[in-house]
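Asks: Provided herewith is a single structure, encoded as structure tokens, for subsequent inquiry.
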């Protein structure tokens, strides 16, 4: 199954790709589906959230996302600074006017329902949209699943995904796992980045690929810079302070006094990741990498490459991201990048594996070393739970991205010191992550019912 780099790395708004971006896209899809009925009379809309979307939806701004989606917004066109204005207008007016649709009645207080019972069968992040006439007669009902990273499937699409044979689009290197990827690399003499680019070329020109990848990095880098400039308290009620600017100021002062500060690059690395995830927690613009909750790992590792590696250039950034996307596609296909499905090992763990692979590639690693780097990074996130305090993508998520970036750099360094041979193949590590996620209690999969989420001190 071909997964484009531009499917994995998408413009998003915080705080969550599965709980904010996904529901917004689902609401937009619902409007499109509703237009097919060519209705004239007023329509009454209801939305019910299930599973993790219900348990942590308010902390992840799922309610706002549904409202914004029904108003016709998408993550890449929305101005984050106007979110509160738009949602307040609907809460007051309780009606929506959309081109090609009759007047929609939607009162978020009554028509957006958080169902804390069992999750829907298809996925832990399920939601049902319904449209009815004034007399209560149902016009349509559709179930959507937010499966992580901003990917959304209808119930029918989810059933086909599970039951039908995997479809392989016509690409030159249709690797579905790391073993096939390495073999295709040996047979062709191409690097992972080159094979990924050849696959993308079936749909886009080289210029379009480069422009798209450059845009991804531009948004990632701008997010780092914004995060290091802002101070204050993050929203949600935990009273978490933004720390990136303060830490940045401290490090810069220390560098002026002592240019040989021996672990400064490690501190910058963690800081870059935390800056991104503070922006994400505040509802800012980020890139899914591969999710919002793990959005800081890859940008931080690229910024580390830019700031601390001699010879870093734009071509290297493109190689990094194309290589990372190849690894991310394999993980998504064979396991999951959804915290609600497999825990944080699927989010920060996947991001660290992708980042390690990308860094290893730009530092001259062979295909075998790149695969090894990804495996090392993922292996040392196995079993990591998703237990956000108060359902907010803040504690432990912000610091966790910093440590994920550190692991990614360390994994790349370890792999480059070897010849690429190792005991556990990446495919086996990915399958272990899938099995571990299946065995993991629901309390530790983004429901905030266990772990750190319930072991906070009383304030």
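The values are calculated or read from the model by the stated rules, or taken from the named source; none is laboratory data. Nothing here was measured: the structure is a model prediction, and the numbers come from that model. No Cβ is skipped: glycine too gets one built from the backbone with ideal geometry, and neighbour counts run over all protein chains shown.
Here's the yes/no breakdown for (1) outside any helix (DSSP H, G or I); (2) closer than 30 Å to residue 251 by Cβ; (3) in contact with a strand residue (DSSP E or B) (Cβ under 7 Å, 6 or more places away or on another chain); (4) in contact (Cβ under 8 Å) with a residue 40 or more places away in the chain:
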residue	(1), (2), (3), (4)
190	yes, no, no, no
194	no, no, no, no
204	yes, no, no, no
208	no, no, no, no
214	no, yes, no, yes
218	no, yes, no, no
223	no, yes, yes, yes
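Asks: Considering the stretch 123-143 alone, what residues qualify as being within 25 Å of the chain's Cα centre (by Cα) and touching a residue at least 40 places away in the same chain (Cβ under 8 Å)?
Replies: First, the residues of the stretch 123-143 that are within 25 Å of the chain's Cα centre (by Cα): 123-129, 142-143.
Once the filter is applied, which keeps residues that are within 25 Å of the chain's Cα centre (by Cα) and touching a residue at least 40 places away in the same chain (Cβ under 8 Å), the stretch 123-143 yields 123, 124, 125, 126, 127, 128, 129, 142.
Asks: From the list 7, 63, which one is over 25 Å from residue 95 (Cβ atoms), assigned to a helix (DSSP H, G or I) and touching a residue at least 40 places away in the same chain (Cβ under 8 Å)?
Replies: On the way: 63 fails: over 25 Å from residue 95 (Cβ atoms).
Among 7, 63, only 7 is over 25 Å from residue 95 (Cβ atoms), assigned to a helix (DSSP H, G or I) and touching a residue at least 40 places away in the same chain (Cβ under 8 Å).
Asks: Is it the case that residue 213 is surrounded by 21 or more Cβ atoms within 10 Å (Cβ to Cβ) and either at pLDDT 95 or above or on the phi > 0 side of the Ramachandran plot (or both)? Give the steps one after another, and end with the answer.
Replies: Details: surrounded by 21 or more Cβ atoms within 10 Å (Cβ to Cβ): yes; either at pLDDT 95 or above or on the phi > 0 side of the Ramachandran plot (or both): yes.
Answer is yes for this residue.
Asks: Can you pull out the residues in the stretch 90-113 that are surrounded by fewer than 15 Cβ atoms within 10 Å (Cβ to Cβ) and not in a loop (DSSP other than H, G, I, E, B)?
Replies: 91, 92, 93, 95, 109, 110, 113
Asks: What number of residues within the stretch 414-459 are surrounded by fewer than 17 Cβ atoms within 10 Å (Cβ to Cβ) and over 25 Å from the mean Cα position of the chain (by Cα)?
Replies: Of the residues in the stretch 414-459, 11 are surrounded by fewer than 17 Cβ atoms within 10 Å (Cβ to Cβ) and over 25 Å from the mean Cα position of the chain (by Cα).
Asks: Anything in the stretch 35-52 that is touching a residue at least 60 places away in the same chain (Cβ under 8 Å) and at positive phi? List them, or say none. Show your work before the answer.
Replies: Taking the stretch 35-52 and keeping what is touching a residue at least 60 places away in the same chain (Cβ under 8 Å), we get 35, 37, 39-52.
Result: 51, single match.
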